[in-house]
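**Student:** Got a structure for you, questions after.
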Amino acid sequence: MIWWLWSGFAGLPVGALAVLAFVGAASPASIGGGALTSGVLLVVLLALIARRTGEGTERVRHLAGGSTFGLAALPACLASLLGLAPGAPVLLFLVLLLLILALLAAVRRGGPGPGLFRQGAMALTVVLGATVVIVLLTGFGAALGSEAPPPSAQLTTEILDVDAQLATLPLPECSRELTDFEVLLENGAHPRFDPEENRIWYDAATQTAGRQIFWHDLATGTSQCWTCGEQGNNYRPAVGYRGTGMVFVTDRHASWRHPRNTELHAIGTQGQVPGSGSRRLTDHPGADDHAWIGPASGRVLWSRETNGGYALVTTTVRTGHGGLRLGESSVMMPGGSEWVAPLAWSPDARTFLLVRGNPYQPPTALSLDPTTGEMDSLGRELAWGGGASFNGDGSFLALATTQRNRTLGLLPAQLGFLLAATATRDEMHEPLFLGTGIELGEVGGERLELELGELASWGEPTGISLSRDSRSLLLGQRRARGSEVEERILRLTLSCQ
């Protein structure tokens, strides 16, 4: 009896995978029904085979051993739920092929059948082996699309128009020493100046509403929660250069079917009272994260997960029929098997900063000219949670550096597609890195490192924002103190003339 139970158990994930492959709106009940049906059918099939080939304990053991290969559907089901390539139909075909070959071998095998210990070891080997194969398939598929497309004519025209209209500023001359600093807030992350620099925007944890977006008035010191009436965790505010709207990331649309799903929403930023209801911009089952509003009117760029891989995609936001809608998105930079995300876009639109690799390892930032596709390394490992910011004309920038603090950071960059969803979720609540450094310098030139003193060791940077005249810098920091996580936002007064 135990071998028939084992065979039925091994058949359960095969049926669940079949439902995920062929039922578009699969529910937990339908998946459970498919799993039970598959388990029963596999037991009936093996009973018929055993009867035709001479029923006996050893033959039943061999058949039960062959059915163990149905457990390869366990990681395949998980991969399907996470939206990893090559997709549930292909994975189902591979699992069924493996199961059929294993059962054919079991029919021909003679001698004593495997015992319980050997069956358990075989099950563990099958699950681990299938997991490795799926990871390799996903990574290989993502790497095939790693070549960057040529810059689009529309984007190039937009950038050249912005660059031609932007007034240039005197290039700052700075020293390594801070003039002063103050702690603006004892909580919060991802700080951003608004265009007029009389407010800052940030996200912070609340006691009852999860993580939400706030503004803080620099003149009066008052703060206001802007999205507390919204569902889910809302974070990473990206304020437009004109200051009339904001795009943020939310996890409210995640479900058991798409547990890693995040989407972009837009909301107005004018006035003193919380914004009215936000409007959804993206509708995609994977992660849409790290949004950035470009200098060109209505241009949005973000990191998108597709079939387990990541890419930087961009499009324009259009108004119509009383709402907002995105135009057709295009890929600006594919990540291949590495994770990739935007870091900052200069006000003159000519310099775009991005990070790619393993998100548990502070990645080396890359500088991209969107009009030519030319890309250079900045040569430093930056805090990817918002570790770069430009001055008012894009000629001068500040970078926030940090250090690895987790063992997962030792894994190769090519596994970034596998680690990104977990890392970006963890980064919302806990520190991933160690220490803070700040560098200032001309774009494309040498940079100097600020002497931060005790600020450097307080915690990791969660974001920076440089003022238009390069004389003030917002710095978010986070650290772990025992079981507690502390956050703060500072304003640094720089020695820049």
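The values are calculated or read from the model by the stated rules, or taken from the named source; none is laboratory data. These figures come from a predicted structure and were not determined experimentally. No Cβ is skipped: glycine too gets one built from the backbone with ideal geometry, and neighbour counts run over all protein chains shown. Ligands, DNA and RNA are stripped out before the accessible areas are found, and what is left, the full protein with its side chains, is counted by its heavy atoms. Shrake-Rupley method; radii C 1.70, N 1.55, O 1.52, S 1.80 Å.
**Student:** Kirkwood Rh, the stretch 74-206, all Cα pairs: how many Å? Please list the in-between numbers first.
**Tutor:** Values: mean 1/r = 0.0444 Å⁻¹.
Taking the inverse mean of 1/r over all distinct Cα pairs, the stretch 74-206 comes out at 22.5 Å.
**Student:** Please determine, in degrees from 0 to 90 and to the nearest 10, the orientation of helix 2-22 with respect to the longest principal axis defined by the Cα atoms of the chain, where the helix direction is its Cα long axis.
**Tutor:** Rounded to the nearest ten degrees, it is 50.
**Student:** I need the calculated FRET efficiency for the pair residue 244 and residue 369, taking r as the beta carbon distance and R₀ as 25 Å, to the nearest 0.05.
**Tutor:** After rounding, the FRET efficiency stands at 0.35.
**Student:** Sort by residue number and report every cysteine in the chain with no other cysteine beta carbon within a distance under 4.7 Å.
**Tutor:** 77
**Student:** Would you mind counting up the charge near residue 334? Only other residues with Cβ under 11 Å from its Cβ, with Lys and Arg at +1 and Asp and Glu at -1.
**Tutor:** Working: positive: 304, 356; negative: 147, 338.
So the environment of residue 334 carries a net charge of 0.
**Student:** Arrange the peptides 35-44, 305-314 so that the one whose residues have, on average, the most other Cβ atoms within 10 Å appears first.
**Tutor:** Details: 35-44: 18.7, 305-314: 23.5.
In decreasing order of mean packing, 35-44, 305-314 become 305-314, 35-44.
**Student:** Moving to a separate point now. If you take every residue apart from residue 302 with its C-beta less than 12 Å away from the C-beta of residue 302, what net charge results, scoring Lys and Arg +1 and Asp and Glu -1?
**Tutor:** Values: positive: 236, 299, 304; negative: 263, 288, 289, 305.
Value of the local net charge: -1.
**Student:** What ranking do 329-338, 135-144, 386-395, 256-265 get when scored by the average of other Cβ atoms within 10 Å per residue, highest first? Working shown, then result.
**Tutor:** On the way: 329-338: 21.9, 135-144: 17.9, 386-395: 23.7, 256-265: 19.5.
By packing density, highest mean first, the sequence is 386-395, 329-338, 256-265, 135-144.
**Student:** Still on this model: What is the helix-to-structure angle for 28-52, meaning the angle in degrees between its Cα long axis and the longest Cα principal axis of the chain, kept from 0 to 90 and rounded to the nearest 10?
**Tutor:** For helix 28-52, the angle is close to 30 degrees.
**Student:** Still on this model: Tell me, what is the 1.4 Å probe accessible area of residue 2, in Å² to the nearest 10?
**Tutor:** Taking all protein chains as shown, residue 2 has close to 90 Å².
**Student:** Placing +1 at every Lys and Arg Cβ and -1 at every Asp and Glu Cβ, with all other atoms neutral, what dipole size does the stretch 417-497 have around its Cα centre, in debye to the nearest 20? Kindly include the intermediate steps, with their values, before the conclusion.
**Tutor:** Details: 9 positive and 14 negative charges, 50 e Å.
So the magnitude is around 240 debye.
**Student:** May I pose another question? Can you give the log10 of the normalised intensity I(q)/I(0) at q = 0.21, 0.22 Å⁻¹, computed with Debye over equal Cα scatterers of the stretch 1-106?
**Tutor:** Ignoring solvent entirely, the Cα scatterers give -1.00, -1.06.
**Student:** Once you wrap a convex hull around the alpha carbon atoms of the chain, what is its projected area averaged over all directions, in nm²? It would help to have the intermediate numbers written out before the result.
**Tutor:** Values: hull surface 105.4 nm².
That works out to 26.3 nm².
**Student:** Against the longest principal axis of the chain, how steep is helix 57-67, in degrees 0 to 90 to the nearest 10, with axes from Cα atoms?
**Tutor:** That works out to roughly 20 degrees.
**Student:** Rank by packing, highest mean first: peptides 195-203, 422-430, with packing defined as the count of other Cβ atoms within 10 Å averaged across residues. Don't skip to the end; give the middle numbers.
**Tutor:** Numbers: 195-203: 19.7, 422-430: 17.4.
Listed from highest to lowest mean packing, they are 195-203, 422-430.
**Student:** Largest first, please: the extent of the C-alpha atoms of the stretch 409-476 along each principal axis, to the nearest Å.
**Tutor:** 39, 28, 22
**Student:** To the nearest Å, what is the center-to-center distance of the stretch 188-230 and the stretch 325-381, using C-alpha atoms only?
**Tutor:** 26
**Student:** Still on this structure, I have one more. Please give the net charge around residue 425, taking every other residue with its beta carbon less than 13 angstrom from that of residue 425, where Lys and Arg add +1 and Asp and Glu add -1.
**Tutor:** Values: positive: 211, 236, 260; negative: 251, 289, 305, 426, 427, 430.
For residues surrounding residue 425, the net value is -3.
**Student:** At 0.36 nm per residue, and after removing the present C-alpha to C-alpha distance, how many nm does the segment from residue 161 to residue 231 gain when stretched out fully?
**Tutor:** Values: separation 70, 0.36 × 70 = 25.20 nm, distance 3.82 nm.
Contour length minus the Cα-Cα distance gives 21.4 nm.
**Student:** Starting from the Cα of residue 41, step 7 Å along the direction of its Cβ; do the same at residue 179; then give the gap between the two resulting points in nm.
**Tutor:** Between residue 41 and residue 179, the label points sit 7.4 nm apart.
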